[in-house]
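Participant: Quick one: the structure is below, questions incoming.
The values are calculated or read from the model by the stated rules, or taken from the named source; none is laboratory data. Note that this is a predicted model, so its numbers are computed, not measured. We work out accessible area using only protein heavy atoms, side chains counted, and drop any ligands, DNA or RNA first. Shrake-Rupley method; radii C 1.70, N 1.55, O 1.52, S 1.80 Å.
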Amino acid sequence: MPSSVIRKYYYKPELQILTIIYMSGAVYNYLDVPQVIFDDFRAAFSKGYLNKKIKPFFKYEKVSDI
């Protein structure tokens, strides 16, 4: 389902890094995200999954603003 907040996302399984590119242009890496969490995020009907299951539990770093 398209998101009004997330433009794109990528996952690097070997590093367990989920990269989110927001509509605002901000880019964040969420660290140590297991494959199963990414799979659930990708399959979620609502990308609100990010706010409920990823942001509160995984460290993140702001990479840049586009």
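Participant: Could you pull the Cα extents of the chain along its three principal axes, largest to smallest, in whole Å?
Facilitator: That works out to 28, 25, 20 Å along the principal axes.
Participant: Which whole-Hz ³J(HN,Hα) couplings does segment 23-29 yield from phi under the Karplus relation 6.51 cos²θ - 1.76 cosθ + 1.60, θ = phi - 60°, glycine and proline marked x?
Facilitator: Rounded to whole hertz, the list is 4, 5, x, 5, 10, 10, 9.
Participant: Give me the 1.4 Å probe accessible area per residue for the chain, excluding ligands and nucleic acids, in Å².
Facilitator: 67
Participant: Output wanted: per-residue J couplings in Hz (rounded whole) for segment 30-43, from phi through Karplus 6.51 cos²θ - 1.76 cosθ + 1.60, θ = phi - 60°, x for Gly and Pro.
Facilitator: Residue by residue, segment 30-43 yields 9, 9, 6, 8, x, 3, 4, 5, 4, 4, 5, 4, 4, 8 Hz.
Participant: Step through the residues of segment 3-13 one at a time and calculate ³J(HN,Hα) from phi using the Karplus curve (6.51 cos²θ - 1.76 cosθ + 1.60, θ = phi - 60°), rounding each to whole Hz and writing x for Gly and Pro.
Facilitator: Here the 3J(HN,Hα) series is 10, 8, 10, 9, 7, 8, 8, 9, 9, 10, x Hz.
Participant: Determine the share of the chain's accessible area contributed by carbon and sulfur atoms, expressed in whole percent, with a 1.4 angstrom probe.
Facilitator: Its accessible area is 57 percent carbon and sulfur atoms.
Participant: Tell me the accessible surface of ASP39 in square angstrom (1.4 angstrom probe, heavy atoms of protein chains only), to the nearest ten.
Facilitator: Number for this one is 50 Å².
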